[in-house]
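These notes are about the structure you will find just below.
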Amino acid sequence: MKIVNKLDKLEQLDAETSEFIAKGETGKFLKLIPDTFIMKGEDGKDGFNQGYAIRHLNQKDIILIDVIEKASKEAVKKWVEDGYNIKAILISNTAVFKNAYANLKTISKDAGGAPIYAHPMITIKEDFKIKDITAKKNELFKSFGLTIYNLPGNGGGSVIIHSNINNGMLFTGEDALGSSYDSESNKFTRPQMKSKNDEYGLAQSWSEFEQPFSYLFPLRGQVGFNLEEEDQSAILNKLSRIQE
């Protein structure tokens with residue numbers, strides 16, 4: 001048993017590297033840390049988008065975060081076929097919604113009929129009722145340790161998602177981006193905003209964020225692993241700083 005546990009630990013350490021993600025297969029869920037997976041999308045001009053999955057302690061229920069690109073379709077359907085229950089698909093921002101591989105009704109059907117949550121400011125021009133991701137009371141989110149924070153984003157309609165699992169995980173959507181995978185260092189930055197008001201609003205929101213997180217999972221760029229308290233403070237200070 002000790003040998004198995006040691007091997008499991010070594011495999012987890014291997015997974016907690018940017019190289020592991022960069023070399024991973026597009027359209028396949030990669031396990032990063034306990035019950036948390038990453039999904040690589042297709043390469044684009046700004047690199048590949050990243051979606052995520054959190055598995056419940058019951059080992060059957062799953063929440064997907066920003067997993068609606070074409071590259072993810074077959075992997076999600078396979079999870080459903082294998083008996084997993086996709087309890088919800090969360091869309092963190094408008095940019096993710098625009099990359100959906102089909103209408104939301106089809107995406108929900110492919111995920112076993114999972115409800116889809118998004119910000120009410122995102123315009124959905126189709127006959128499908130989304131659920132409000134910013135609603136105050138949500139027992140499903142609570143069971144996964146999730147808290148939703150409403151951030152300005154580009155013109156609104158953007159959230160970040162915090163989970164208290166694994167000593168704190170922060171899913172930033174496009175409100176914080178990691179360094180490219182060919183960079184030797186990883187510095188998290190705010191995205192370029194369409195207006196100064198949005199820029200100041202997002203910086204202010206980051207300055208008020210206080211939840212601890214050992215892991216930071218952005219929409220694009222390198223992931224933050226095993227972040228100590230001083231690392232977290234440095235990241236938040238940078239994200240809240242306005243460049244004059």
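Starting from the range 58-83, take each residue that is closer than 23 Å to PRO218 by Cα and list its partners that are surrounded by 12 or more Cβ atoms within 10 Å (Cβ to Cβ) and among the basic types (Lys, Arg), counting only C-beta distances under 8 angstrom and pairs at least six apart or across chains. If the second residue must be surrounded by 12 or more Cβ atoms within 10 Å (Cβ to Cβ) and among the basic types (Lys, Arg), the pairs left are ASP61/ARG55; ASP61/LYS87; ILE62/ARG55; ILE62/LYS87; ILE63/LYS87; ALA71/LYS40; ALA75/LYS28. Here SER205 meets each of (1) assigned to a helix (DSSP H, G or I); (2) modelled with pLDDT of 95 or more; (3) among the polar types (S, T, N, Q); (4) touching a Phe, Trp or Tyr at 6+ places or on another chain (Cβ under 8 Å) with one exception, condition (2). Residues being in contact (Cβ under 8 Å) with a residue 12 or more places away in the chain, within 17 Å of the chain's Cα centre (by Cα) and either closer than 30 Å to LYS45 by Cβ or crowded, with 17+ Cβ neighbours inside 10 Å (or both) are entirely absent from the range 120-129.
In the range 78-115, the residue that is farthest from ILE160 (Cα to Cα) out of those that are basic (Lys, Arg) and at pLDDT 95 or above is LYS78.
Restricted to the range 42-63, and to residues there that are open to solvent by less than 100 Å² (accessible area, probe 1.4 Å) and among the hydrophobic types (A, V, I, L, M, F, W, C), the residue that is nearest to ASN167 (Cα to Cα) is ILE54. Of the strands (runs of 3 or more DSSP E) lying entirely inside the range 145-187, those containing at least 1 residues that are at positive phi span 169-173. In the range 189-202, the qualifying residues are those that are part of a loop (DSSP other than H, G, I, E, B) and under 21 Å from ILE91 (Cα atoms), and the one that is farthest from the chain's Cα centre (by Cα) is LYS194. Scanning the range 24-52 for residues that are modelled with pLDDT of 90 or more and among the basic types (Lys, Arg) returns LYS28, LYS31, LYS40. Inspect the range 195-212 for any residue being within 14 Å of GLN232 (Cβ to Cβ) and open to solvent by 80 Å² or more (accessible area, probe 1.4 Å) and give the result as yes or no. Taking every residue of the range 195-212 in turn, at least one turns out to be within 14 Å of GLN232 (Cβ to Cβ) and open to solvent by 80 Å² or more (accessible area, probe 1.4 Å). For the range 43-99, the set of residues classified as among the aliphatic types (A, V, I, L, M), in a loop (DSSP other than H, G, I, E, B) and within 24 Å of GLY157 (Cα to Cα) consists of VAL67, ILE68, ILE91, listed by residue number. Only one of the numbered conditions (1) at pLDDT below 95; (2) open to solvent by less than 50 Å² (accessible area, probe 1.4 Å); (3) not aliphatic (A, V, I, L, M) is violated by GLU184, and that is (2).
Cβ contacts < 6 Å: first residue under 19 Å from GLY145 (Cα atoms), restricted to the range 213-239; second residue of a type in the set (A, V, I, L, M, F, W, C) and open to solvent by less than 20 Å² (accessible area, probe 1.4 Å), any location; separation 6+ or different chain. Result? So the pair list comes out as PHE213/LEU170; TYR215/MET169; LEU216/LEU170; PHE217/PHE171; PHE217/VAL223; PRO218/ALA176.
The values are calculated or read from the model by the stated rules, or taken from the named source; none is laboratory data. Nothing here was measured: the structure is a model prediction, and the numbers come from that model. FYI the Cβ positions are ideal-geometry reconstructions off the backbone, even for glycines, and counts take in every protein chain you see. In case anyone asks, the SASA skips ligands and DNA or RNA and just uses the protein heavy atoms, side chains included. Shrake-Rupley method; radii C 1.70, N 1.55, O 1.52, S 1.80 Å.
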